[in-house]
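For reference, the structure is listed below as structure tokens.
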Amino acid sequence: MLSVPGEMLGIVILSRERAPRYGLGRLVVDGLDAAVCRKARFAFDPSPGQERGLLALLAACCEVYNAGLQERREAWRRANKSVSLFDQFTQIKGLRGLRDDVLAWGIQRSVGRCGGWMQAFAGFYRRVKAGRAPGYPRFRSRRRFHTASWDEPTSWKVNIDRRLLRIQGVGTIRLPKSAGRQLARLADRGGVPVTLSVTRRRAGGTSEHPKWVWRASVGFKDVTPLRAASPSDLGNGRESGAGRVVGADRGVAVALATSEGQLHVMPGWMGQARETIAALQRRQARKVKFSRSWRALARRIAREYRKVAQRTDNWARETARQLVAQAEVVALENLDLASMTRSAKGTIDNPGRNVAAKSGLNRALQDVALGRLATWVCVKAEEAGRRAWLVDLAHTSQRCARCGHIDPNNRPARDVFVCQRCGHTAHADLNAAANIADRGRACETAWHQAGSPPLPRPSPRLRRRRRTETARPRLAPA
Ligand SMILES: [Zn+2]
């Protein structure tokens, strides 16, 4: 529902489902990378001719995407078999001479699009497996197809010194200074540009002559991590030596409570954004659906969502930076934010409140913020060479951090914790954060006992291996 700028960064951060388990938590970042992946994101301004090229490119991508999806659906329905990326790759090569317009942007481009729906299917299977609402990949309309991506450095090239981006079939685009600075910074850290994605966004104009703003994202591999001095080296650590674990409890009223005793609340503009969006939605509900004024309001609502998403991302990044700076190991609880939003019952911390439309919207905004926070904690931890854990959240809010007594009556009020056995009294979220830190320490111990194995790294797939006709094609992930 909310689109947040920036997809998941870096391929090294494993998804929650795949991260290995040690004790009561999953290791998501091991902080052992010699090199990380980073992205430079920037706006650019193509010439009118280049814009026509980019629009034609998106139309072709959309066509390939839908054709690939169509074939997969048919194959599945008729023969109950899945079509591999390899099969489709050979078909794309067969387009030579027949549909040179599609191939004008390079064969790689079309394969990249197949990769796009491969990802869509991989997400579909992952959601089925996790028991969530799967959402079968859908055909996409040309009007809604906004992104072209290249997952290998072919048919495009970026010249960092001269600030030029050349895309086959489109031309050479001059990039703004800020883009040049970002690209140079990653290149200076040893980064090699390997992926590109180009996105358009509607910015006014009429439906016959829409105006677009364009953004690009260049992914770099082999970027040297910025290993910050660890907190104990700086002399402000209570426990000297390695392995200071900071636990962080994410919640709605208190966005982030740390076992170091800090309480970060949700920023105030989030509530204001909720009021603005709810007011616009009420106005829109009174209009005739799809009328001119209804559509104008829809665009304003989208703009408000975009604004709040941008601010949320900035807030999450800065909060995560502060958290990672004081820890050698970060432990977060493994929240299932999707089901928190769905459930009208709420969570252990917020039980039984009937979720009205407005508070549902509020929760959605805050859940996105909490999700972004976790993502940025992982990214910052990876970059600083720290470990990050997602620990099980069972009983973290009811357990006494001092004596370990677990009792629902330990929570007489929402933000008060009073242990029924030892009398330990604390802010409920700080008590939970201390429990999460305890659990993180237990995970650390289990991990060290297992010989501190590093996380499995996906093997880089920069060049497609040549396969003979007899070789068994790799099947799509199932
Ligand atoms: Zn106690």
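The values are calculated or read from the model by the stated rules, or taken from the named source; none is laboratory data. Worth saying up front: this structure is predicted, and the values here are computed from it rather than measured. In this analysis, Cβ positions are derived from the backbone assuming ideal geometry, glycine residues included, and neighbour counts consider all displayed protein chains.
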Could you tell me which residue of region 199-249 is nearest to Leu430 (Cα to Cα), considering only residues that are modelled with pLDDT of 60 or more and polar (S, T, N, Q)?
Thr224
With respect to Val368, determine if the residue is touching a Gly at 6+ places or on another chain (Cβ under 7 Å) and either within 16 Å of the ligand (Cβ to nearest atom) or in the same structural domain as Val246 (by TED's automatic domain parsing) (or both).
no
Name the residues in region 402-418 that are surrounded by 15 or more Cβ atoms within 10 Å (Cβ to Cβ) and more than 12 Å from the ligand (Cβ to nearest atom), would you?
Arg411, Asp415
Restricting region 377-395 to residues that are part of a loop (DSSP other than H, G, I, E, B) and more than 14 Å from the ligand (Cβ to nearest atom), which is surrounded by the most Cβ atoms within 10 Å (Cβ to Cβ)?
Arg386
So how many residues does region 424-442 have that are within 14 Å of the ligand (Cβ to nearest atom) and among the β-branched types (Val, Ile, Thr)?
1
Kindly indicate which of Arg421, Arg399 is among the basic types (Lys, Arg), near the ligand (Cβ under 10 Å from one of its atoms) and surrounded by 15 or more Cβ atoms within 10 Å (Cβ to Cβ).
Arg399
